[in-house]
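First the structure, in the form of C-alpha cells, and then the observations on it.
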Amino acid sequence: MILAIPLAWLQLIREKVRLLVALAGIGFAVILMFIQLGFRDALFDSSVRLHQALEGEIFMMSPQSTALIALDSFSRRRLLQAEGVPGVDSVTPIYISFALWKNPADRSTRSIQVMGYDPSQSIVSKDLLPDSEALKLRDHVLFDRDSRPEFGPVAELFEEQGYVTTEVAGRRVTVGGLFNLGASFGADGNLVTSDINFLRMFDRDPGLIEMGMIRLKPGANIDKAIAQMREEIQDPNGDVLVLSKDEFIAFERDYWENSTAIGFIFNLGAGIGWIVGMVIVYQILYTDVADHLAEYATLKAMGYRNRYLLSVVFQEAVVLSILGFIPAFFLCMGLYQATENATSLPLRMTQERGTFVFCLTMAMCVISGAIAVRKVQEADPADIF
Amino acid sequence: MTSATDPIISIDHVSHYFGSGRLRKQVLYEVSARVDPGEVVILMGPSGSGKTTLLTLIGALRSTQEGSLKLLGEEMYKARNKQLVRLRRNIGYIFQAHNLLNALTARQNVQMSLDLHPNLTSKEKKTRSLEMLEAVGLLDWANYYPQELSGGQKQRVAIARALVSSPRVVLADEPTAALDKQSGRDVVEIMQRLARQRGSAVLLVTHDNRILDVADRILQMEDGRLSTVQREEVIA
C-alpha cells in the first residue's frame, strides 16, 4: 500500500498537545540515558587521561597495584633492568602519591595527586606540559590548571604574579608553572614535580617507584620487547607487571568498570530512564489506540487487516522515537558542554553513544508499541456495532 | 463469479447464538432470505430482534454458525477470518454512528476505502474520492475534518466512503438514527440514487418509518424470526 494515506502520521499530528507531551516524555528519557551513559564514559575516560597522556610504549607497575588511586610500589632496579633489552631507548621512573594541598586563597586543604620524575626527560607531550624548567629548582612544582576549582585560583594567581607559594604535605612549595591534564574521579587535581623534590616532600625510599615508563627506539618491535621483558624481568621475579600502553589503559579502565559500583550505578540510571520512557510511550500509544478503537473497528469492517492496524501503531512508535530523540540529542550536547565546564570531566557526544542511545530509544518505543497493540485486537467490528 | 440473475445475498436457514454453556442464547432462528442485484431492501423490527446480528453476519463481520449464508456466491458458513476480511472489501458499510476517522479530512476518509484497492494510482484515488464527495454534495467540504461537519454531512461522507469503491452490496445500520427528518431523508435518497446508478444492492436496517418508500421490499424481524410485509401494512 505505497502512497496510501499516512494514517499513523496524521493521527499523531492531529492531537498536538498529546504529541508534545509524548515528545517531552521521550526526550526526558533520552536525556536521562545520555546523561547517565555520558557520566559513566566520562568517568572511565577521565580515569585513563594520565595513561593516555604518557608518551611511552611500555609500562611497568607492581602486580599489587589495582588502579592509579591504589598504587603499590616496586623496585626501581626492575625498571633499570629493562634498559638492557634491545630496542629500548630510555626508561623513566615515576613516583606517584597523594598529598594534602593547601588552597593559597582560603587555606583549606584537599588531597591532590603528585607525580615526580626526572625533569630532564619529558613524560607527556609539549602541548600538555610546555615548560618543565621550573622543576629543576628546589621545592618547585607545576600545577594542573584543569584541576577542580576547590584547590584555589592557582592558575589565575600564577598568571598574575608569575609564581604561587603554598604548602603541600606540610612543606612550603612554589608553583613555577602550569600544565593541562584534567581532574578524574580518582584525583581531583594533579601536581608534577622533580623526583628529587618528590622525595623531599614524602621522605621515602628512593629505590621504590610506582610506575615505570619505557620508550623504544623508532622502528623497534614493541611486541618483541614486551615479550623479552616478560621473560627476563617479570616472570623470574614476579614483582612487576609489564604492559603495553593499550593494556595499561585497559587495566585502569577495567578497575573502574568492574571493581567499583560506579559502572553499575550509571548503567542502572540509564536503565531506569529507559523504563520510564517505555512507560510513557506505552501510555501515549495505549490512550491513542483506545481513543481510536471505534475508528479501527470501522477500518476492519471495511476490509483492513489486523496487520495494517498493527503497523499503524508501530509506525506511531517509530515516529515518536525519532521525533523525541532529535531535540533531546541537541539538548544533551549543550548539557554535556555545561557539565564539562562545571566538573572538568571529559564529557563529549560520541558517535557510538549517540547511535547506542538512538537504538535504545527505538527499542523502547517499539516494545511499548508491542504491548499497546494488544489493545487493537479488541477493535472487533462485530462487537462494537 | 455470480451472473446478473444470481442473488447477491442468499440466506438459508441461518441460526445464530451468543454465549456458551447455560448462558447460550439463540438470537436468530432459521432465517432465510435473498437480495438480488440492484434491489433496495429494508429490514425492520424492534430493538433486540436480531437485525444488527443478521447484518453483521451478512457484512462478514462474524462467521456463520449454522445454516448457509452466501455473499456474492461465496459460502460464509464457518468461514475463516482471512476469507471474511477479503469479502468485506466488496461491501460498503454505513454505520449508525458515522465512524469517520477524526484525524483525516473528508476526502482522505473516502480515500481510505480506495487504498484497499491497490491497482489505482494515488491521483486516480484522489480524483475518484472527490467525484464521490461531489455526488453526495460535499465537494466544497472535502478538506474539512469530521468535527467541522454537521451530523448529516458526516453521514454523507460515510456514504461516500461506503460507495466510492462501487461495492456490489451496501449495508446500512440505522443510518438516519442520529439525523433530523430532512437530513435523514437526504441521506437515504442519496444512498438509493447512487446504489441504483452503480447496480449495488442495498440492505438497510431501520425503524424509521419516514424512509420506507425507498425500498423495493421490506422484511420484518421479530424475536429472531424473519417475515416479509407489505409496505402499506407498515405505513398504515
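Please find, within the range A:180-203, the residue that is modelled with the lowest pLDDT out of those that are among the aromatic types (Phe, Trp, Tyr) and under 31 Å from the mean Cα position of the chain (by Cα). Steps first, please.
Of the range A:180-203, the ones among the aromatic types (Phe, Trp, Tyr) are A:185, A:198, A:202.
Those left that are additionally under 31 Å from the mean Cα position of the chain (by Cα): A:185, A:198.
On the way: A:Phe185: 74, A:Phe198: 94.
Ranking the candidates gives A:Phe185 first.
Only residues that are of a type in the set (S, T, N, Q) and either touching a Gly at 6+ places or on another chain (Cβ under 8 Å) or facing chain A (nearest Cβ under 10 Å) (or both) were counted in the range B:119-128, giving 2.
Quick check, is B:Leu139 more than 14 Å from chain A (Cβ to nearest Cβ), farther than 22 Å from B:Gly199 by Cα, crowded, with 18+ Cβ neighbours inside 10 Å and out of contact with any strand residue (DSSP E or B) (no Cβ under 9 Å at 6 or more places or on another chain)? Break it down into steps so the answer makes sense when it comes.
Working: more than 14 Å from chain A (Cβ to nearest Cβ): yes; farther than 22 Å from B:Gly199 by Cα: yes; crowded, with 18+ Cβ neighbours inside 10 Å: no; out of contact with any strand residue (DSSP E or B) (no Cβ under 9 Å at 6 or more places or on another chain): yes.
Here the answer is no, as B:Leu139 does not meet what is asked.
For the range A:334-350, the count of residues that are part of a helix (DSSP H, G or I), closer than 30 Å to B:Leu163 by Cβ, at pLDDT below 90 and of a type in the set (Asp, Glu) is zero. Taking the numbered list (1) within 13 Å of chain B (Cβ to nearest Cβ); (2) hydroxyl-bearing (Ser, Thr, Tyr); (3) assigned to a helix (DSSP H, G or I) in turn, A:Thr287 passes all entries but (1). In the range A:215-234, the residues that are on the phi > 0 side of the Ramachandran plot form no Cβ pair under 7 Å with any partner that is part of a helix (DSSP H, G or I) and crowded, with 18+ Cβ neighbours inside 10 Å, whether six or more places apart or across chains.
Going residue by residue through the range A:287-299, is there one that turns out to be under 29 Å from A:Ala67 (Cα atoms) and assigned by TED's automatic domain parsing to the domain that holds A:Ala370?
Looking for residues that are under 29 Å from A:Ala67 (Cα atoms) and assigned by TED's automatic domain parsing to the domain that holds A:Ala370, one finds none in the range A:287-299, hence no.
Rundown of residues vs (1) closer than 21 Å to B:Leu163 by Cα; (2) in contact (Cβ under 8 Å) with a residue 12 or more places away in the chain; (3) at the interface with chain A (Cβ under 9 Å from one of its Cβ atoms), yes/no style:
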| position | (1), (2), (3) |
| --- | --- |
| B:Val41 | yes, yes, no |
| B:Thr56 | yes, no, yes |
| B:Leu71 | yes, yes, no |
| B:Gly92 | yes, yes, yes |
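On the given criteria, is A:Ser120 without any contact (Cβ under 8 Å) to a residue 60 or more places away in the chain, more than 16 Å from A:Arg200 (Cβ to Cβ), of a type in the set (Gly, Ala, Ser) and surrounded by fewer than 19 Cβ atoms within 10 Å (Cβ to Cβ)? Before you say what the answer is, go through the steps one by one.
Details: without any contact (Cβ under 8 Å) to a residue 60 or more places away in the chain: yes; more than 16 Å from A:Arg200 (Cβ to Cβ): yes; of a type in the set (Gly, Ala, Ser): yes; surrounded by fewer than 19 Cβ atoms within 10 Å (Cβ to Cβ): yes.
So A:Ser120 fits the description; yes.
Only one of the numbered conditions (1) touching a residue at least 12 places away in the same chain (Cβ under 8 Å); (2) within 14 Å of chain B (Cβ to nearest Cβ); (3) under 28 Å from A:Leu360 (Cα atoms) is not met by A:Val318, and that is (2). Those strands (runs of 3 or more DSSP E) of the range A:46-151 in which 3 or more residues are farther than 27 Å from A:Tyr255 by Cβ occupy A:88-102. Please go through the range A:38-49 and pick out each residue that is buried (at least 22 other Cβ atoms within 10 Å of the Cβ) and closer than 14 Å to A:Gly354 by Cβ. The one that is buried (at least 22 other Cβ atoms within 10 Å of the Cβ) and closer than 14 Å to A:Gly354 by Cβ: A:Gly38. Sub-7 Å Cβ pairs linking a first residue in the range B:95-118 that is at the interface with another protein chain (Cβ under 7 Å from one of its Cβ atoms) to a second residue that is aromatic (Phe, Trp, Tyr), at least 6 apart or interchain, are B:Phe95/A:Phe385; B:Asn102/B:Tyr145; B:Leu116/A:Tyr304, ordered by first then second residue.
Selection of the range A:15-37 for residues being over 36 Å from the mean Cα position of the chain (by Cα) and buried (at least 17 other Cβ atoms within 10 Å of the Cβ) yields only A:Glu15. Kindly evaluate A:Ile31 against the criterion of being within 14 Å of chain B (Cβ to nearest Cβ) and among the β-branched types (Val, Ile, Thr). The answer is no for A:Ile31. Do we find that A:Val319 is assigned by TED's automatic domain parsing to the domain that holds A:Ile13, under 19 Å from the mean Cα position of the chain (by Cα) and in a helix (DSSP H, G or I) in this structure? Here the answer is no, as A:Val319 does not meet what is asked.
Are any of the residues in the range B:74-89 on the phi < 0 side of the Ramachandran plot, more than 14 Å from chain A (Cβ to nearest Cβ) and in contact with a strand residue (DSSP E or B) (Cβ under 8 Å, 6 or more places away or on another chain)? Yes, some residue in the range B:74-89 is on the phi < 0 side of the Ramachandran plot, more than 14 Å from chain A (Cβ to nearest Cβ) and in contact with a strand residue (DSSP E or B) (Cβ under 8 Å, 6 or more places away or on another chain). For first residues located in the range A:241-262 and surrounded by 16 or more Cβ atoms within 10 Å (Cβ to Cβ), partners that are among the polar types (S, T, N, Q) and lie 6+ apart or on another chain with Cβ distances below 6 Å form the pairs A:Val242/A:Gln234; A:Glu252/A:Ser47; A:Tyr255/A:Thr66; A:Trp256/A:Ser47.
I'd like to check something: does the range A:374-384 contain any residue that is part of a helix (DSSP H, G or I), touching a Lys or Arg at 6+ places or on another chain (Cβ under 6 Å) and at pLDDT below 85? Among the residues of the range A:374-384, at least one is part of a helix (DSSP H, G or I), touching a Lys or Arg at 6+ places or on another chain (Cβ under 6 Å) and at pLDDT below 85, which makes the answer yes. Only a single item in (1) away from chain B (no Cβ under 14 Å); (2) in a helix (DSSP H, G or I) is not met by A:Leu309, and it is number (1). The lone criterion from (1) assigned to a strand (DSSP E or B); (2) closer than 22 Å to A:Pro346 by Cβ left unmet by A:Ala155 is number (1).
State the number of residues belonging to the range B:72-107 that are charged (D, E, K, R) and touching a His at 6+ places or on another chain (Cβ under 9 Å). Total satisfying the criteria: 1.
Scanning the range A:323-339 for residues that are of a type in the set (A, V, I, L, M) and over 15 Å from A:Leu32 (Cβ atoms) yields A:Leu323, A:Ile326, A:Met333, A:Ala338.
Can you find a residue in the range B:172-190 that is within 22 Å of B:Leu120 (Cα to Cα), within 14 Å of chain A (Cβ to nearest Cβ), at pLDDT 85 or above and crowded, with 23+ Cβ neighbours inside 10 Å? Checking the range B:172-190: not a single residue is within 22 Å of B:Leu120 (Cα to Cα), within 14 Å of chain A (Cβ to nearest Cβ), at pLDDT 85 or above and crowded, with 23+ Cβ neighbours inside 10 Å.
The values are calculated or read from the model by the stated rules, or taken from the named source; none is laboratory data. On a predicted model such as this, the values are computed, not experimentally measured, just so you know. Note that each Cβ is placed from the backbone with ideal geometry, even for glycine, and that neighbours are counted across all protein chains shown.
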